[in-house]
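Since the structure comes first, as structure tokens, the remarks are kept for the end.
The values are calculated or read from the model by the stated rules, or taken from the named source; none is laboratory data. Since the structure is predicted, the reported quantities are computational estimates derived from the model, not experimental observations. Positions of Cβ are backbone-derived with ideal geometry, glycine not excepted, and every protein chain shown enters the neighbour counts. To get the accessible areas, we keep the full protein, side chains included, count just its heavy atoms, and leave off ligands, DNA and RNA. Shrake-Rupley method; radii C 1.70, N 1.55, O 1.52, S 1.80 Å.
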Amino acid sequence: MNTLGLIGSGHIGSTLARLGVDAGLDVVLSNSRGPQTLAGLVAELGPRARAATPAEAAAAGDWVVVTVPLKNYRQVPVAPLAGKVVLDTNNYYPERDGRIAELDAETATTSELLQRHLPDAKVVKAFNNIYFAHLAALARPSGAADRSALPIAGDEAGAKTAATRLLDLLGYDAVDAGSLADSWRFQRDMPAYVVPYAKNPRGLGISADDPGASADAATLRTALAAALRG
């Protein structure tokens, strides 16, 4: 496994692309506006990166990251993701996404919605709980004393193993937070969301210029355990 496909190339997608290239992975980027709009980013990333359509990125990736606004998740191509490990970065912002009854009622998580849309894929929740600038700044080699951990959640053990390997390559330890149904524990505004990686947190949020601070697995497990619903 040496190719990272990206469906969505915004803040999180482009950050993951940079980390992937730095880790020696081939990266295939896509967005909703067409490969030509990614020419500058691809040139910056170098020969390991190329731009494609979402379907092409889905087909090419050994891991495929879906990092689009939640309201657009039904536009993610289905057939080329059959059998693939799909990492979902979605967060629910009703002011952007509109109201989604199942999420408001807490009868489903965002990743469960994506899994239903991609019935033959293996969805793992990841990368949604960290500010993109911190994602870039806090990556460390395996074994580093100040290495941070990120939570993952999924329904298939092999997919979580594959996701853990990707996180390790990109510079992070992984903490298994359970199933897709459990992924609410690190969704927006939960204790494990954004704040553990901030140097100067502001309540449940951070400032855009926060430099970041490492958060190890123990810190993250404490934050996950503190999550309350309803």
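Of note:
- Dipole magnitude for segment 33-125: computed about the Cα centre from +1 point charges on Lys and Arg Cβ and -1 point charges on Asp and Glu Cβ, it is near 260 debye.
- Residue-level accessible surface for Glu102, protein heavy atoms, 1.4 Å, Å²: 70 Å²
- Segment 162-209 - Rg and Dmax from Cα coordinates, angstrom: 12.8, 34
- Applying both filters, DSSP loop and at most 10 other Cβ atoms within 10 Å, to the trypsin sites (Lys or Arg not before Pro) of segment 85-187 gives Arg99.
- Carbon plus sulfur fraction of accessible area for segment 45-189, probe 1.4 Å, in percent: 50 percent
- If the segment from Ala157 to Lys199 were pulled out straight at 0.36 nm per residue, it would be longer than the present Cα-Cα gap by 11.8 nm.
- For segment 75-230, DSSP calls about 25 percent of its internal beta bridges antiparallel.
- Calculated FRET efficiency for the pair Val78/Arg33, C-beta based, R₀ 25 Å, to 0.05: 0.75
- Taken as Cα centroids, segment 185-230 and segment 80-133 sit 19 Å apart, rounded to the nearest whole angstrom.
- With the largest listed first and rounded to whole Å, the semi-axes of the equivalent ellipsoid of the chain from the Cα gyration tensor are 24, 21, 17.
- Sorted on the mean count of surrounding Cβ atoms within 10 Å across their residues, most packed first, peptides 137-145, 13-21, 212-220 read 13-21, 212-220, 137-145.
- Modelled spin labels at Ala217 and Arg140, positioned 7 Å past Cα toward Cβ, are 1.4 nm from each other.
- Inter-label distance, nm, simple model (7 Å from Cα along the C-beta direction), Glu44/Asp104: 3.8 nm
- Candidate membrane-span-like segments in the chain, meaning DSSP H helices with Cα atoms spread over at least 15 Å of their own axis and a Kyte-Doolittle mean of 0.0 or above, are 11-22, 157-170, with no membrane implied.
- For segment 49-153: rounded, prolate or oblate by the Cα gyration tensor [a/c cutoff 1.5]: oblate
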